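Chemist: There's a structure below that I have some questions on.
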Amino acid sequence: MRTAHFGRRAAAVGLVAWLGLAAPASASAAGFSTCIDSLKGQVVAQGVSADLAARALNGARYDEEVLRKARAQPEFKTPIWDYLGFLVDEQRIADGRTMMARYDRVLRAAEERFGVNRYVIAAIWGVESNFGQDAGDNYLPHALANLVCGGVRTKFFRGELVAALKLVDRGDLELNELYGSWAGAFGQTQFIPSTYQRLAVDFDGDGRRDLVKSVPDALGSTANYLHKAGWRKGESWMIEVKVPPGYNGPTGRRNKASLSSWGQRGVTRADGAPISGGAQAGLLLPAGPKGPGFLVFRNFDAIYSYNQAESYALAISHLADRLAGYPAFRTAWPTDDPPLSRAQRFELQRLLLAQGYDVGEVDGKIGPQSRAAIKAAEERFGMKPTGRPGGKIYRALGGR
């Protein structure tokens, strides 16, 4: 089963090997029109109306930017504390509580119908689209056509194009609503089209499954996804723990043992309380034994299936806990250079720009230009040039 998020973060890593099959840019551009003509016939053969295929693909242009994103391997490995600091900051927690209050009835109804904790549903909504504010601006038919004609997992992305157009043929969406990520994920909780086809639900009862404009449909569909992924009603997803000094025992999400077994290995709750019981959990130490540890349960695995990255599942789990009123991690991350919140990243870019560095767009997103600017600033202050948006360079530039 393809996850709902192969088309976004997972694609950024998983598609690189496939891009070696793509033709050179100039050759691809030259043959793009011919490929589009062929692609129209292929999607019609898969059951899409000829009129819709033409309206969707007419005017498509070769887009090197889409292919560049697909083949761009991340040059910078994000420390776990930076990843979580960006996704789970005080602003997102406050916004999440506001949105949960606004859609309380919908979230409770989804929890009741599918058995999935409403705080987890809201956390996915917050991380995936900032509660509907940032769902992506790529026109999916043209982006997916570029991936197909660029030789990027042709069969897979052609199938996603067909699935997206069938959603329009079915009446769930209008063609002009197919905007999302460069690789196909769209809607308020970022489903790829084939997942949308299989698991989206009409939760507001209007006869359409609209994950773009209908918050109830998006939240209900996300709950349905997690339910189908094996969510267990009323059970936990994660608890923060500490391991004993020098711990070198088993770790890993799949390496599950009973809570009592972990207790016998010296693992305690983060506040030092003992652990016992028969519930099965795996131990994650994302920053090593000196950082926060986590025992993760079957429901964590359901969250993991949404994006197949442990860092992502940790972020969703922690945001859900914070929305529910639980505190930040008790154990500090093992670094003397603390992570920055989204607001601080905006400010870091503004500070760099004010001091003559080219950061590109000031948007709080630290891309290649911002990293190059950070490196230059680090060198200026006699720091090791890492390009990382951390607390040290932020303070050196005048951040507070």
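Laboratory data are not the source of any read-out in this text; all were calculated from the coordinates shown. Just so it is clear, the model here is predicted, and its values are computed rather than measured. Neighbour counts run over all protein chains shown; Cβ positions are idealised from the backbone, glycine included.
Chemist: At 7 Å along the Cα-to-beta-carbon direction for both Ala354 and Asp206, put a label point, then send me their distance in nm to one decimal.
Modeler: Output for this residue pair reads 4.4 nm.
Chemist: Using DSSP to define loop residues, name the GluC sites (Glu not before Pro) in the stretch 306-396 whose beta-carbon has at most 11 other beta-carbon atoms within 10 Å.
Modeler: Glu361
Chemist: Here's a follow-up. Amide H of Phe191 versus every other amide H placed in the peptide plane: which residues, excluding those fewer than 5 positions away on the same chain, fall under 5 Å?
Modeler: For Phe191, the qualifying residues are Phe186.
Chemist: Additional query: Evaluate E = 1/(1 + (r/R0)^6) for Tyr326 and Ser276, where r is the Cβ-Cβ distance and R0 equals 22 Å; express this FRET efficiency to the nearest 0.05.
Modeler: 0.60
Chemist: Cα-Cα pairs above 27 Å in the stretch 268-400: how many percent?
Modeler: Everything past 27 Å amounts to 37 percent.
Chemist: Something else about it: Neighbour counts of other C-beta atoms within 10 Å: give me Phe381, Phe191, Phe156 arranged from fewest to most.
Modeler: Ascending Cβ contact count within 10 Å gives the list Phe381, Phe156, Phe191.
Chemist: For the stretch 238-296, what is the per residue volume of the convex hull drawn over the alpha-carbon atoms, in cubic angstrom?
Modeler: That works out to 67 Å³ per residue.
Chemist: Suppose we keep just the DSSP beta bridges with both residues in the chain; what percent of those would be antiparallel, to 5?
Modeler: Among the beta bridges of the chain, antiparallel pairing accounts for roughly 100 percent.
Chemist: Round to the nearest 10 and give me the degree value, 0 to 90, for the angle of helix 310-323's Cα axis relative to the longest principal axis of the chain.
Modeler: The answer is roughly 70 degrees.
Chemist: Counting only helical runs of four or more DSSP H residues, what would the 222 nm mean residue ellipticity of the chain come to if each run contributes -39,500 (n - 2.57) and the total is spread over all its residues?
Modeler: Using -39500 (n - 2.57) per qualifying helix, the result is -14500 deg cm²/dmol.
Chemist: Can you tell me how the stretch 24-131 classifies by the Cα gyration tensor, rounded, prolate or oblate, using a/c under 1.5 as the rounded cut?
Modeler: Oblate shape, in that a/c is at least 1.5 and b/c is the bigger or equal ratio.
Chemist: Near Asp104, within a Cβ-to-Cβ distance under 14 Å, what is the net charge of the other residues, with Lys and Arg +1 and Asp and Glu -1?
Modeler: Overall, the nearby charge balance is +3.
Chemist: From largest to smallest, what semi-axes in whole angstrom does the stretch 183-254 give when each is the square root of 5 times an eigenvalue of its alpha carbon gyration tensor?
Modeler: Taking √(5λ) for each Cα gyration eigenvalue gives 36, 14, 11 Å.
Chemist: At a Förster radius of 25 Å, what calculated FRET efficiency corresponds to the Cβ-Cβ distance of Gln308 and Glu379, to the nearest 0.05?
Modeler: About 0.10, to the nearest 0.05.
Chemist: Among all the lysines, which ones have a C-alpha under 26 Å from Lys213's C-alpha, if same-chain residues fewer than 8 places away are not counted?
Modeler: Within the straight-line limit of under 26 Å, Lys213 reaches these lysines: Lys166, Lys228, Lys365.
Chemist: Sticking with this one: Specify the angular offset, from 0 to 90 degrees and rounded to the nearest 10, of the alpha carbon long axis of helix 298-307 from the longest principal axis of the alpha carbons in the chain.
Modeler: Its long axis makes an angle of about 40 degrees.
Chemist: Here is a further query. Taking K and R as +1 and D and E as -1, what net charge do the other residues with C-beta under 14 Å from the C-beta of Arg209 add up to?
Modeler: Neighbour charge sum, excluding Arg209 itself: -4.
Chemist: Using a Förster radius of 51 Å, what is the FRET efficiency between Asp336 and Glu112 based on their Cβ-Cβ separation? Nearest 0.05, please.
Modeler: About 0.65, to the nearest 0.05.
Chemist: Then there is this: List the GluC sites (Glu not before Pro) in the stretch 122-179 that DSSP assigns to loop (not H, G, I, E or B) and whose Cβ has at most 13 other Cβ atoms within 10 Å. Which are they?
Modeler: Glu174
Chemist: Given axes a ≥ b ≥ c from the Cα gyration tensor, I'd like to know whether the stretch 336-400 is rounded (a/c under 1.5), prolate (a/b larger than b/c) or oblate.
Modeler: rounded
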